[in-house]
Amino acid sequence: MSTPLEVMREVSKGTLSDVLGIELIELSKERVVARMPVEKRVHQPFGLLHGGASVVLAETVASIGAWMNVGESGKSTVGLEINANHIRGKRDGVVTATATPLHLGRATHVWEIRLTDEAGKLVCISRCTMAVVDP
């Protein structure tokens, strides 16, 4: 039987997160961790990490965390709102996203996502609200 991490890696093939090189590292109901290489495909025209790529990474880990928390109930989750504050520019290397739940309600989940560089410095902070819906 496949683990949730193996399932998510498989179903992510060919999706936007796959195209951007997002790799899931850790997966639980309390924490989701993924990393993304910072290279030309995720740059804006001036050679910095594109804010939209940071948001894709943030929503990816929040969505997976929400899925982990509702999967057994037969419910599904969809993104309702996301915001991001871009703290520091990044040109190369790797960013790591760590998502933790702030609220796990019946109708909504709110996740905080911290994107950090290799030294642990904050690159972006995001909050994502997920709606809990019938599939």
Sorted by Cβ neighbour density within 10 Å, fewest at the top, the residues 64, 125, 87: 87, 125, 64
For segment 120-135, 3J(HN,Hα) per residue [Karplus equation, 6.51 cos²θ - 1.76 cosθ + 1.60, θ = phi - 60°, Hz, x = Gly/Pro]: x, 6, 5, 9, 7, 10, 9, 10, 10, 9, 10, 8, 8, 9, 6, x
Per-selection Kirkwood Rh - the chain (Cα, Å, 1 d.p.): 14.9 Å
Contour excess over end-to-end distance, with Cα ends at residue 88 and residue 127 and 0.36 nm allotted per residue: 12.3 nm
Peptides ranked, highest mean first, by Cβ atoms within 10 Å: ranges 93-100, 43-50, 27-34: 93-100, 27-34, 43-50
Rounded to 10°, Cα long-axis angle of helix 51-70 versus longest principal axis of the chain: 20 degrees
Ratio of Rg to Rh over segment 69-135 (Cα coordinates, Kirkwood Rh, two decimals): 1.09
Sequence-distant residues sharing a close amide H with residue 94 (under 5 Å, placed H): 38, 118
Net lengthening on full extension, residue 41/residue 100 (0.36 nm per residue, minus Cα-Cα): 18.5 nm
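Just so you know, all these numbers are worked out from the coordinates, no wet-lab data involved. Values in this document were obtained by computation on a predicted structure and should not be read as measured data. As a convention, Cβ positions derive from the backbone with ideal geometry for all residues, glycine included, and neighbour counts pool all protein chains shown.
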